[in-house]
1. Would you please state which residues of segment B:98-113 a label at residue B:314 would reach in this model, taking the label point 7 Å out along Cα→Cβ and a backbone N cut-off of under 15 Å?
2. Ignoring chymotrypsin sites (Phe, Trp or Tyr not before Pro) that are buried or in helix or strand per DSSP, and keeping those with at most 12 other beta carbon atoms within 10 Å, what is the longest stretch of chain B between them?
3. I need the calculated FRET efficiency for the pair residue A:138 and residue A:49, taking r as the beta carbon distance and R₀ as 45 Å, to the nearest 0.05.
4. Quick check for me: using +1 on Lys/Arg Cβ and -1 on Asp/Glu Cβ, what's the dipole size of segment A:53-278 about its Cα centre, in debye to the nearest 20?
5. Helix-derived [θ] at 222 nm for the protein assembly as shown: sum -39500 (n - 2.57) over DSSP H runs of at least 4, divide by residue count, nearest 500?
6. Say the dipole of segment B:136-245 comes from +1 at the beta carbon of Lys and Arg and -1 at that of Asp and Glu; which of B:201, B:171, B:154 then lies farthest toward its positive end?
7. Toward the positive end of the charge dipole of the protein assembly as shown, about the Cα centre and with charges on Cβ (Lys, Arg +1; Asp, Glu -1), which of B:254, B:101, A:5 goes farthest?
8. Test of the criteria: in segment A:25-115, which trypsin sites (Lys or Arg not before Pro) are in a DSSP loop and have at most 15 other Cβ atoms within 10 angstrom of their Cβ?
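Just so you know, all these numbers are worked out from the coordinates, no wet-lab data involved. All figures in this text were calculated on a predicted structure; none of them were measured in a lab. All Cβ positions, glycine included, derive from the backbone under ideal geometry; neighbour counts span all protein chains shown.
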Amino acid sequence: MTSDSQIKSAANHRRTASSVMTTLTAICAFFAVTILALIIGYIALRGLSAISFQFLTDTPKPVGEGGGIGNAILGSLVLLLLASVIGLPFGIAVGVYLAEFGDGRFASVVRFVTDTLTGVPSIVIGVFVYTIIVLPMRQFSAFAGGIALAIVMIPIVARTTEEMIRLVPTSLREGALALGAPQWRVTTGVVLPAAASGIATGAMLAVARVSGETAPLLFTAFGSRFFNVYLDQPIASLTVQIYNYAISPYDEWHAMAWAATLVLMTLILAINITVRFFTRKKI
Amino acid sequence: MQNLQPNIPTPATTHGASARAWNWRRTFAPTGNTGDTVFRLALFGAAFFLMLVVLVMIGAMAVNSLPSLRQFGFGFLTSRVWSPISGDFGALPFIYGTIVSSLLALLISVPLSLGIAIFLVEQAPRGVARPVGFLVELLAAIPSVVYGLWGIFVLAPFLREWIEPFLARWFGWLPLFRGNVTGIGLFTGGIILAIMITPIITAVVRDVLAAVPVSQREAALALGATKWETTRVVLNNGAPGIVGAIILGLGRAIGETMAVTMVIGNRAQISASLFEPAYTIASVLANEFTEATGELYLSALIELGLILFLVTFTVNGAARLLVWSVAHRAGGGAVGRA
């Protein structure tokens, strides 16, 4: 037998539990946002106090003599360009394959492996590229670094491309097919243009992602103290430069690490926020 | 479409099961249009090449780790000695460091991520959920090396001054919290990992929860359930997907490199204390690969890379299957990218 008061107290208890849990989840969200604010705040604070025009254009110097990250910025651009030239068309092609011919068993395997590849640590991709490019060439090179970044990029681009193409309404396809267009014309002339903005945002996010990669560059592009644009030579990059400055024992270099991070984060946040601003859809 | 060819038995197809199964014309030229065939072949070629890259990846690392495989065999996984000078290489300290730091990360990150995801999907009003969701996603956009920099100069000193002395004082009777408080070690590594995998787990759990049909919530509410009780119904519904999300986070934690390398202390030892420096598989690759002199040293490192690849590939594969099973059941399409 349960009395009235017992039922009431049980109801009270349930209501309290509910509001406690609601508050706890809100605290979790607040905590995560606070961490983000702390990280970005520190970068802005420490980075702004160390950045200068000379820092952005100079090459690294021995400790005590200043120096900068001009060659690292150039190197990162070269690496990103190379990775994009190889990785974007390749990734988009795989994505189109998955979206247009993705029903068979082989396609399922491709989709599964592509998905799983996005979770493979980028340092492993560095090891792989080292064994197939750096070892035979007997030299670290920008080329090897670009290939490593491209391999990181391909699965990301492939999956976003597939999703974007699948959002294109079937009626568009049917209309084009009904007009007598062959399938390849339908895909390249109708479906791809309709999905272009989505594919472009996916591509931009992939570029943002690999621009922050360090691990696959450590033993492929390696790093350099000079300006370099030759693909068969080692090349500097912002991320590896940040790493080298950060683990050094010198305060002066630590300040440079923060300043270089400010440059890198500005690029990455700019891409992410632009993408968010231009697309209403969740990417 | 004119691809409905009648199945005329040709001499080849009558002979055995192997010849009947596959016909290149049906796969690559079903429409009979040359442009279509070329297009199909090109796209198929790209997909095939990607599969080839993965196979070559396994093959190249396996071949290059042969010297180490021959020398140490399975003992590689159980030996605690890592001495480049004497040429003895054992992976156990790295396996230990990787497992402990990843589990610590999960321990902190799972409740946090579940809380955030529940808040975003079940509780926050739309006007709050959108911006907060975006900010949490931004955490995933921060590069590993930046987390490492922040870890060295902000997080590690904070833990050294505030958290670790506190833990040592009150929980020092546990071997976990004994030892020198330096701010650099397994503990800091686990915490930085927790921060890094939180947005990943959150994103997948969010998609999983969003894929649970509204009718489930309506039914619970109609029975008089409170908001939290309704949420529990939703969580039960999405359970396999949530497990998948957690495993996905685990996969990411195992392979995280730069941030961990910068705060974990990089010492190949097995210690019960979380405050002691340790080493992970990914960190030893990042640290020692370019300095590896000698074939055996290099091949031991490449073998570590191969192990890392196989483990993360398996873990991620399992996670994807779990997440897919939920998302496809509910018809949600947005799951699976993280």
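1. Answer for this model: B:99.
2. Values: sites that count: B:22, B:74, B:173.
Excluding the exposed sites themselves, the longest stretch runs over B:174-338.
3. Given R0 = 45 Å and the Cβ-Cβ separation, E is 0.60.
4. Dipole size: approximately 380 debye.
5. -22500 deg cm²/dmol
6. My answer, from the dipole projection, is B:171.
7. Towards the positive end, the residue furthest out is A:5.
8. none
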